[in-house]
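Engineer: My structure is below; once you've seen it, I'll send some questions.
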Amino acid sequence: MKETKRITEIAILIAVAGVLEATSTFIPFLHMPQGGSASLGMLPIFFVAYKYGVKDGLVAGFVFGIINFALGGFLIHWGSIFFDYIFAFTVLGVAGIFRNTALINNRSFIKGIALAGFLRYLMHSISGVLFFSQFAGTEGAFIYSFIIYNLPYMTISVVLCIVVGLSIKDRIANYL
C-alpha cells in the first residue's frame, strides 16, 4: 500500500509540474523564442525530492523532462534533447540531498531549489553553446547562452519557486 501511495503522489506531482510548465507557455513575456520559460513547473519536482529523496527526485525530474519535450519541446539538434530536457530536468532531483531538513527549515528549502535550479541552468546553457550558437550573433555563443538567453528565465523560475514554495511549504509538508 505504501508503494502505491508513493507512486501515485509522485505521478500527481509530475502531472502538476507539466500543467504549470505548459501554462507558462501561454504567457508571451515568460516564454523564450527557442524554448524555455519562466514557470513554477519545477516546484512539484522539488517537493518529490524533499519527501522521497534524490533517487525518486531524479526519476520524477527525468519523467517531467520527457513529458515537457513531448508537450512542445524545441528541437534543433538531437543532442539538445539530452541537455535541454533529459539532463536539465533530471538534475532537479538533486534537491533531495536536503530531504531531511528542507520541509522544516527554510534555509535548506532554499538551498535545494537554488542548487537544482543552478544545475538545470548549466545544462540549458551548455546546450545553448553546443547546439544553438547560430542564434548568438556578435555576443558569442557563451555570453549569449549563459547570460543573455538562459540566465533571465532561469533566475525568474528559481525565484518564483522559492517564493511560492516558501508560502505553501507548510501546507504541502502537512499533506505529504
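The values are calculated or read from the model by the stated rules, or taken from the named source; none is laboratory data. Note that the coordinates shown come from a computational prediction; the quantities given were computed from them, not determined experimentally. Note that we place each Cβ from the backbone using ideal geometry, even for glycine, and neighbour counts take in every protein chain shown.
Engineer: Failed condition for HIS77, given (1) out of contact with any Leu (no Cβ under 6 Å at 6 or more places or on another chain); (2) at pLDDT 95 or above; (3) at negative phi; (4) not aliphatic (A, V, I, L, M), with all others met?
Structural biologist: Here HIS77 clears every test but (2).
Engineer: If you don't mind, there's one more thing I want to ask. Yes or no: region 29-47 includes at least one residue that is surrounded by 14 or more Cβ atoms within 10 Å (Cβ to Cβ), free of Cβ contacts under 8 Å to residues at least 40 places away in the same chain, in contact with a helix residue (DSSP H, G or I) (Cβ under 6 Å, 6 or more places away or on another chain) and β-branched (Val, Ile, Thr).
Structural biologist: No, because not a single residue in region 29-47 is surrounded by 14 or more Cβ atoms within 10 Å (Cβ to Cβ), free of Cβ contacts under 8 Å to residues at least 40 places away in the same chain, in contact with a helix residue (DSSP H, G or I) (Cβ under 6 Å, 6 or more places away or on another chain) and β-branched (Val, Ile, Thr).
Engineer: Quick check, is SER157 surrounded by 21 or more Cβ atoms within 10 Å (Cβ to Cβ), in contact with a Gly (Cβ under 8 Å, 6 or more places away or on another chain) and free of Cβ contacts under 8 Å to residues at least 40 places away in the same chain? Reasoning before the result, please.
Structural biologist: Details: surrounded by 21 or more Cβ atoms within 10 Å (Cβ to Cβ): yes; in contact with a Gly (Cβ under 8 Å, 6 or more places away or on another chain): yes; free of Cβ contacts under 8 Å to residues at least 40 places away in the same chain: no.
Here the answer is no, as SER157 does not meet what is asked.
Residues are listed down the side, and each one gets a yes or a no for (1) more than 14 Å from the chain's Cα centre (by Cα); (2) touching a residue at least 60 places away in the same chain (Cβ under 8 Å); (3) surrounded by fewer than 18 Cβ atoms within 10 Å (Cβ to Cβ):
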residue	(1), (2), (3)
PHE109	yes, yes, no
ALA114	no, no, yes
ARG120	no, yes, no
ALA136	yes, no, yes
ILE143	yes, no, yes
ILE162	no, no, no
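Engineer: Sticking with this structure for a sec: When you look at TYR175, is it of a type outside the set (Gly, Ala, Ser) and modelled with pLDDT under 90, yes or no?
Structural biologist: Working: of a type outside the set (Gly, Ala, Ser): yes; modelled with pLDDT under 90: yes.
Considered against the rule, which asks whether it is of a type outside the set (Gly, Ala, Ser) and modelled with pLDDT under 90, TYR175 comes out as yes.
Engineer: Within region 96-107, work out how many residues are among the hydrophobic types (A, V, I, L, M, F, W, C), closer than 15 Å to ILE172 by Cα and surrounded by 15 or more Cβ atoms within 10 Å (Cβ to Cβ). Spell out the reasoning first.
Structural biologist: Let us first name the residues in region 96-107 that are among the hydrophobic types (A, V, I, L, M, F, W, C), namely 97-98, 102-104.
From what is left, the residues that are closer than 15 Å to ILE172 by Cα are 102-104.
Those still in the list that are surrounded by 15 or more Cβ atoms within 10 Å (Cβ to Cβ) too: 102-103.
The number of residues fulfilling the criteria is 2.
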